[in-house]
Amino acid sequence: MQILGAREFIKLSPGTFYVRYWRNTIEECFEIIDKFKENPKYFLDINADELEVLGDNLGSVCFSGEKEDNYIFYYDANIVGDACPSTTLYLVIDENELPNKIIIHDDYNNAIEILKDDIINIKNMFVNEIYKKYEDKWAFKELDKLSAKGNKIVDIKIVGQI
């Protein structure tokens, strides 16, 4: 499990599991970093609404409550662009750290359980059948510009032991 800033996160492969922490201030990001340093296990309590599967800067998959969609929803989860890379952190989760099941709610607020194996199968389907890697060179250049302006949060990479 790792907490990454945008510069490190954008380098990861499609299919990476993550939770996004988009905050209003850098101070709020440092609160998350401090909490992660103190107790990474705290972050293992993952809600289905939070868990995402990385595609690239253009979009990722999140889990929805619609069975006809195989419980996935692709959206423009930008790392750079609509998102704010200076106040967003990413909790990167290895497959073996995923909970045995996640609970999502459909449009009628019915609870639906998705087992870990199904979560991994959905991720594999997304990466192998739907997603085609597109490297957004613009995003990498924008991160370079932010770093040149002294924005250090994008360079964060902390590995937590659980």
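Where a number appears in this text, it was derived from the coordinates with a stated rule and is not lab data. Predicted, not measured: the structure shown is a model, and the values here were computed from it. FYI the Cβ positions are ideal-geometry reconstructions off the backbone, even for glycines, and counts take in every protein chain you see.
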field: Helix 116-125 axis, angle to the chain major axis (alpha carbon atoms, nearest 10°)
entry: 70 degrees
message: As a test of the formula, what do you get for the chain when each DSSP H run with n ≥ 4 contributes -39,500 (n - 2.57) and the sum is divided by the residue count, at 222 nm and rounded to the nearest 500 deg cm²/dmol?
response: -7000 deg cm²/dmol
task: Please identify the longest segment of the chain free of exposed chymotrypsin sites (Phe, Trp or Tyr not before Pro), where exposed means a DSSP state other than H, G, I, E or B and no more than 14 other Cβ atoms within 10 Å.
output: 1-107
- prompt: Could you put THR16, THR25 in order, starting from the residue whose Cβ has the fewest other Cβ atoms within 10 Å?
  reply: THR25, THR16
message: Return the equivalent ellipsoid semi-axes of the range 7-159 as a descending list in whole Å, where each equals the square root of 5 times an eigenvalue of the C-alpha gyration tensor.
response: 27, 19, 13
field: Ranked list, fewest to most other Cβ atoms within 10 Å of each Cβ, for ILE130, ILE120, ILE3
entry: ILE130, ILE120, ILE3
message: With angles folded into 0 to 90 degrees, how steeply does helix 26-38 sit against the dominant principal axis of the chain? Use alpha carbons for both and round to 10.
response: 70 degrees
Restraint check, LYS37/LYS141; LYS11/LYS116; LYS37/LYS157; LYS11/LYS152; LYS37/LYS116; LYS11/LYS37, Cα-Cα greater than 18 Å: LYS37/LYS141; LYS11/LYS116; LYS37/LYS116; LYS11/LYS37
- line: Assertion target for LYS149, LYS123, ordered by fewest C-beta neighbours within 10 angstrom first, is LYS149, LYS123
message: Where in the chain is the longest stretch that carries no GluC sites (Glu not before Pro) classed as loop by DSSP and with at most 16 other Cβ atoms within 10 Å?
response: 67-134
